[in-house]
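Presented below is the structure to which this report refers.
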Amino acid sequence: MTVIEVRSVTYFVLGVVTLQQYINPSREDCIMAEAALSGFNDKLYTLDVALDGNAMRGHFTPLVHKFLGETLEVRRVGVEVLRRRNQRCVIRYLVDADDPQHDHHFQWRVIGKVYKARRGEHVFSVMQQLWKKGFHREARDGIFIPEPLEFSSSLCMLFQEEVPGAPMKTLAKQSPSPGHFQQLARVIAKLHRCPYVPDEPFLVQNHLLRCHPRYPFLALACPELETRINYIVDTAKSIEDRLVREAKLTPIHGDFHLGQVHLENGNAWLIDFDALSYGDPAADLGNVLVFLRGKVKRNPDFAVYIQAFLEEYFSLMDTEIANRLLLYEGLTHLRRACKTLRLQEEGWRRRLTRMVDEGVRCIEEMGRNFGAVFDALLEPANDEELQEVDE
């Protein structure tokens, strides 16, 4: 049996083994992790309460009084699970409230994110900082974030307003236009120009740690790819030593794709700040460009949309950022290959191989076309169309 092909091993986590074993596991480490994880339970301990509308009425009452008015009475809380992950659960709440003094009825739409213990406070703090530094609802440029309402320590839950509009992911499928992608560029450029330093520098090694499972597992599952995988990793670190460490770092989203921006009537909302870091702004562009380039093959109009996105972004940002885009495209392909291994859907080995090959191509092309990346970015990707998903 190939240990890597057992799905449970992809949840190889700290506490089961050491960090060094996690990053560079031996085959014996994998076997030990598989055995240890047979009874592993990754539970969100407050989720039962969060999914109970009656129980949540008491939690929403002070929020309603704070943000809508002290005379309101919460009558009902509707609950809808939007997304369930191992690390969090995203819930939409429909809070029905009445004002008996004025015979008014209100419905408040709130998003709640349930986290594992000690995981959500930092995200709430990040959102508060962004809100104060220009992403509030009165921003004149029409680029906002959801208002952060509260973090409940007892529920391990972040409460934020639900934003209006349609996700760019939906618009790109139904009625894409260059203007949509220009807005997308303005949104991420605003974040990159925001005067906020969220954390320590987030470098290539940190990007590699976001691969789930870690990239050494790819070589264990597909030994024929080991040389190519190591080439991506080693060359990325070398490029970082030559280019990235001298780059101007900025706030970066960390998981920027078409699902993270909502548009409506010329306004835009940026969402989901779990992965926000302080790093190379080229990382966000490289991530979203992997998805966009994957669509060119099926819809050649996306070459026009990519050009509109890049031209708008670089009308606002330093063009030297473009020198490093292919580095992060390569790392994104590697991270997606790791995810493909984790999910092991039909045809996973073939798709995984293509992703690794695309990663190699990006790194090689960066060396050949240093400082002239735009034409390369408009070429169709060899891989199948890529879908925007949370990592």
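What follows is calculated from the coordinates using simple rules that are stated; it is not laboratory data. From a predicted model like this one, the values you see are computed outputs, not experimental measurements. Neighbour counts run over all protein chains shown; Cβ positions are idealised from the backbone, glycine included.
Need the list of lysines near LYS297 for cross-linking: C-alpha distance under 27 angstrom, and skip anything on the same chain fewer than eight residues off. List returned: LYS169, LYS173, LYS339. Under 20 Å of direct C-alpha separation, and excluding same-chain neighbours fewer than eight residues apart, LYS132 reaches these lysines: LYS66, LYS190. Annotation: amide H-H contacts under 5 Å for ARG76 (H modelled 1.01 Å from N, sequence separation of 5 or more, or interchain): ASP96. Put simply, the amide H of GLN344, placed in the peptide plane, has no neighbours under 5 Å, leaving out anything fewer than 5 places away on its chain.
Per the Debye formula on identical point scatterers at the alpha carbon atoms of region 273-325, with no solvent, log10 I(q)/I(0) at q = 0.19 Å⁻¹ is -0.72. Put simply, the C-alpha atoms of region 47-161 give a gyration tensor, and the ellipsoid matching it has half-axes of 23, 20, 12 Å, longest first. Remark: region 269-358 carries a charge dipole of roughly 720 debye about the Cα centre, counting +1 on each Lys and Arg Cβ and -1 on each Asp and Glu Cβ. Using θ = phi - 60° in the Karplus curve 6.51 cos²θ - 1.76 cosθ + 1.60, the 3J(HN,Hα) couplings for region 288-296 round to 6, 5, 4, 5, 5, 5, x, 8, 4 Hz; x is entered for Gly and Pro.
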